[in-house]
Amino acid sequence: MDYPFEIKVGEKVFPVEYESSLKGTSSVRLKKGVIKMKLSRFIIGRGREEMIEKFLKWAEKKISKMSTDSFIEPDYVDGGRIVTHNKIYDLRIIDRDGRKNNRTIVDGGVVEVFINGDSHDLVKELVEKAIVKDQINYLREVVSELNDLYFRERYNLVRFKRTTGRFGSCSSLKNINISFRLLFAPREVFRYVCIHELAHLKQMNHSKKFWDLVEEAMPEYSKSEKWLKHNGFALG
């Protein structure tokens, strides 16, 4: 069997990556729009082919449930556009022609990246850091508004994190972290995660009391939970 290195669902193409695992079990996950398979080295021949087919069907089913019209994937190229739920940024990449000191400037809705050479990963990192800095006051205003409306608890730091795992966290020190990726999600999903973490100021668990607090603040929070379940992996 020739293992596919990409699959097409609708009009989008998703890369497929394979990794050999020393464990007796195999697994599959979607991360940053990539289908990542870990295949046990103990599964060979037809069993391996069937496992890959099963994983590909799972990925296709999960991808088919995406709400592709509810967010736009960031385009980290010169002339590209980064669309958040509250602001749109136009990207300009300027080659420093051998000079060092890569830097980024945000002027209104324009992000200018001055870079030495051509590195998509570095451009992405610089742009993300710039947008995080530009949007931090917005995050603080949303958290403050929601806290005043529904919780009225004291908290310390509120910040964006450039995480690829959890969408939010609330520490025992009452520091609230929100994933930068949620700026690309629908506004209500972003607010739901803020509410979720604020509720942890009262209940540092996921008990019924905790979910009652969340529901009181956002009666239809389950819609945002469902959106994250079906689309969160694509936020990248």
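Nothing in this text is a laboratory measurement; each read-out follows from the coordinates by a stated rule. Owing to the predicted nature of the structure, the values given are computational and were not obtained by experimental measurement. Glycine also receives a Cβ, built like all others from the backbone with ideal geometry; neighbour counts cover every protein chain displayed.
Some notes on this structure:
- On a per residue basis, the convex hull of the C-alpha atoms belonging to region 7-114 measures out at 167 Å³.
- Label-to-label distance for K226 and E188 is 1.0 nm, based on points extended 7 Å past Cα in the beta-carbon direction.
- Cα convex hull of region 81-235 - mean projected area over all directions, nm²: 9.8 nm²
- Of the trypsin sites (Lys or Arg not before Pro) found in region 187-236, those that fall in a DSSP loop while having at most 14 other beta-carbon atoms within 10 Å are K202.
- The chain: relative contact order in percent, alpha carbon pairs under 8 Å with at least 6 residues between: 15 percent
- Cβ crowding within 10 Å, taken as a proxy for footprinting-reagent exposure, orders M204, M51, M218 from fewest neighbours to most as M204, M51, M218.
- Amide H contacts of S21: L39, S40, R41, each under 5 Å away and 5 or more positions distant or on a separate chain (H built 1.01 Å from N in the peptide plane; Pro and chain starts excluded).
- Counting other Cβ atoms within 10 Å as a rough exposure proxy, the listed residues W58, W227 run W58, W227 from fewest neighbours to most.
- Considering only the chain, percent of DSSP beta bridges that pair antiparallel, nearest 5: 55 percent
- Using only alpha-carbon positions in region 6-64, the gyration tensor eigenvalues give semi-axes of 22, 12, 8 Å once each is multiplied by 5 and square-rooted (largest first).
- Taking T163, T25, T104 as the candidate residues, the one with maximal mean-square fluctuation in a Gaussian network model of the chain, Cα springs under 10 Å, is T25.
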